[in-house]
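Readers should treat all values here as calculations from the given coordinates under stated rules, not as data from a laboratory. Just so we're clear, the structure is a prediction, and the values are computed from it rather than from any experiment. Don't worry about glycine lacking a Cβ; one is built from the backbone with ideal geometry, like all the others, and counts go over all protein chains shown.
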């Protein structure tokens, strides 16, 4: 077991294993996303209040889920990297950040597209949307901090520390924003929150969420391979790697 | 079919959110591939790191 | 133990002395604070009702930005002249030293801001009791802000172009302070008890004072390396 | 007392040298020589505890070193390129702070007797900003002399010093070693020490 762990931890071995793993994430992800899209757009019944408008949920909720999942995964990897000085964990954290940020943005954008017909405005200072916006800023902070360092190893450690600070703060921020929101807004806008989902709607949402997760895994693994290469510049094993991505 | 495309009149919002999701996913894949390719290129251009020098300790007295 | 305290006091004394000999730099964030507050009535309209309505929020945002301005210098000169290396190498616990530095910094940047606020709040027509609640809320929130800010300042201390990044790092983390602080002020204006948000601000300070020094110390070790 | 085992030092992920092992005991002096970029400063920073070794381990008094070790913090003195002086504070204020920070006592009389041979006799209350680079270096030397540390880690201690200053460094080093101290010094120029104890030379680079 330990030997296996150690072997996986060696960059060349990890690089090859990750390369072999990608199709195992990517192909089911594509299948599930196509199935979920069909299911969500065609098969699932329309919501009796929002009609077909509710179908945005099938892209909105999975991206919200990934936005939060991505940050937590990044922070855990960052902690592992700082505690056990694992370069691979830093590489993982670095690979997560832009993908998580992209899904946070996507969550905000689809939320806005959903909000326009339902609320009549593109943006509403709703508790969850506002928290998501702050989460996007936290992501951007981590990415910007890593990029600002000339010394990549130092940037990794600084960004890792920031990710941990951020993850400690997220519950506090979330609490404060929710609190602020309930004070300033009567709860008339809860329409967006839960169009009373029936099982045949919910099932397809699960399919979409799993599909998104696998997509996330595939893209992060691909980026991770790049990050590993960047961290191993000049190492001899890279000469043996061929150019196929 | 027409009814399906219209989406209860929400067609603009529903289809654009799907399009946006697709676009960002494609962009993520392309960016990740570019990232990996550039890393490979950079790693290949890098001349092999010179072997570390040895530090010699000499007793002077 | 006594050596630790002596060192902590020596650090506080040194920082205060060095800063007071450059008092012009200390006054800069305060000037910025006042100027930002002057701009709002000019940008809006000098009607009393409008200004009284936006006043608490404007005061809080201006205070936030002003303390952000002051943060930039927190570790900069120590990094440049090599005293940060000596601080990291000293036998004293670095987290304690970090706490001392952050609180000394608050004494010189946060506290003057708190003292200045009752004056400038007059220009936004806040009722008398609300002004004191505002000052108390700022008194509770600015040390937390200094501590959070010190984490970010420590992370960016070794960067030449750290100023831009600093804002992105600090402001999202300051959201709870802004929410609770502005809420306390609002409640006071409406003549209600502001105890709830004030307690929350105190709780945030307690949390920051225990956790932030550890993060600052870790960040300083990274920056010095 | 100071033990380096198989130390490898890296700068920006690039290993500069590896396999450095050496032990220093009381009265021993190790000089670090090598061309620019060979890693002299990096090595001293690693030994000081500012940076991590890429590989290998460091021991002080038989115990492995952790960052922030209080015993090592008191007994080790590191003098780098930047002396750690605040320009707005006076010479004596600066020295007092640095000594108290290291847990060494501050004695104004000892300060006076130490500043005199450095040629800083009347300057104790002058702000550091008014001093020349060489004089600042001398203030750092005063700290080295006063802090009572057992292990001196000096990075180019002769920089900016005139002939008198360099001779003073050599004399103080001799006295330190004769008193059972240890020193590790990176220097381009010969130090001119006369102490008869054990001397090691760490040559970096090929």
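Taking other Cβ atoms within 10 Å as a rough exposure proxy, A:213, B:30 sort from fewest to most as B:30, A:213. If R0 equals 56 Å, the separation of the Cβ atoms of residue A:123 and residue D:188 corresponds to a calculated FRET efficiency of about 0.30.
Going by neighbour counts of Cβ atoms within 10 Å, the residues A:223, A:233, D:171 line up, fewest first, as D:171, A:233, A:223.
Working value for the stretch A:1-125: equivalent-ellipsoid semi-axes of 37, 19, 9 Å, each the square root of 5 times a Cα gyration tensor eigenvalue, largest first.
Sort out for me the Cα centre separation of the stretch C:1-38 from the stretch C:210-225, rounded to whole Å. For the stretch C:1-38 versus the stretch C:210-225, the Cα centre distance is 20 Å.
Distance from the C-alpha centroid of the stretch C:98-129 to that of the stretch D:133-160: 42 Å, rounded to the whole angstrom. Our summary gives chain A a relative contact order of 35 percent, counting only alpha carbon pairs under 8 angstrom and 6 or more residues apart.
Sequence gap at least 6, Cα distance under 8 Å: using those rules, report the relative contact order of the stretch C:41-141 to the nearest whole percent. Could the numbers behind the result be given before it?
On the way: 40 pairs, mean separation 37.0, N = 101.
It comes to 37 percent, rounded to a whole number.
Nearest 10 degrees is fine. How inclined is helix D:133-146 to the longest principal axis of chain D, computing both from alpha carbons? Rounded to the nearest ten degrees, it is 80. Between residue A:236 and residue A:202, the FRET efficiency from the beta-carbon distance, with R0 = 51 Å, is close to 0.45. Highest mobility in the GNM of chain B, judged by mean-square fluctuation with C-alpha springs under 10 Å and restricted to B:40, B:22, B:51, is found for B:51. When the alpha carbon coordinates of chain A are projected onto the principal axes, the ranges are 62, 39, 31 Å, largest first. A Gaussian network model of chain D, with springs between Cα atoms under 10 Å, assigns the largest mean-square fluctuation among D:45, D:143, D:63 to D:63.
Largest first, the three principal axis extents of the alpha carbons in chain D are 48, 36, 34 Å in whole numbers. The relative contact order of chain C comes to 26 percent, based on Cα pairs under 8 Å that sit 6 or more residues apart. Against chain C, whose longest principal axis is taken from its Cα atoms, helix C:94-121 shows a tilt of about 20°. Between residue D:12 and residue A:84, the FRET efficiency estimated from the beta carbon spacing at R0 = 35 angstrom works out to 0.95.
Expressed as a whole percent, the proportion of Cα-Cα pairs in chain B lying more than 18 Å apart is 68%.
Counting every other Cβ atom within 10 Å of each residue's Cβ, A:96, A:107 order from fewest to most as A:107, A:96. Relative to the longest principal axis of the Cα atoms of chain C, the long axis of helix C:48-71 makes an angle of roughly 10 degrees.
For the stretch C:2-224, what log10 I(q)/I(0) values come out of the Debye formula at q = 0.09, 0.14 1/Å, with one point per alpha carbon and no solvent? Normalising to I(0) and taking log10 leaves -0.37, -0.85.
Anyone know which of A:80, A:168, A:99 comes out most mobile in the 10 Å Cα GNM of chain A? Residue with maximal mean-square fluctuation among A:80, A:168, A:99: A:168. Rounded is the label for the stretch D:79-163, because the ratio a/c of its alpha-carbon gyration tensor axes (a ≥ b ≥ c) stays below 1.5.
Note on the stretch A:33-68 and the stretch A:117-165: Cα centroid distance 26 Å, given to the nearest whole angstrom.
For the protein assembly as shown, the gyration tensor built on C-alpha atoms gives an oblate shape. Its axis ratio a/c (a ≥ b ≥ c) is at least 1.5, and a/b is not larger than b/c.
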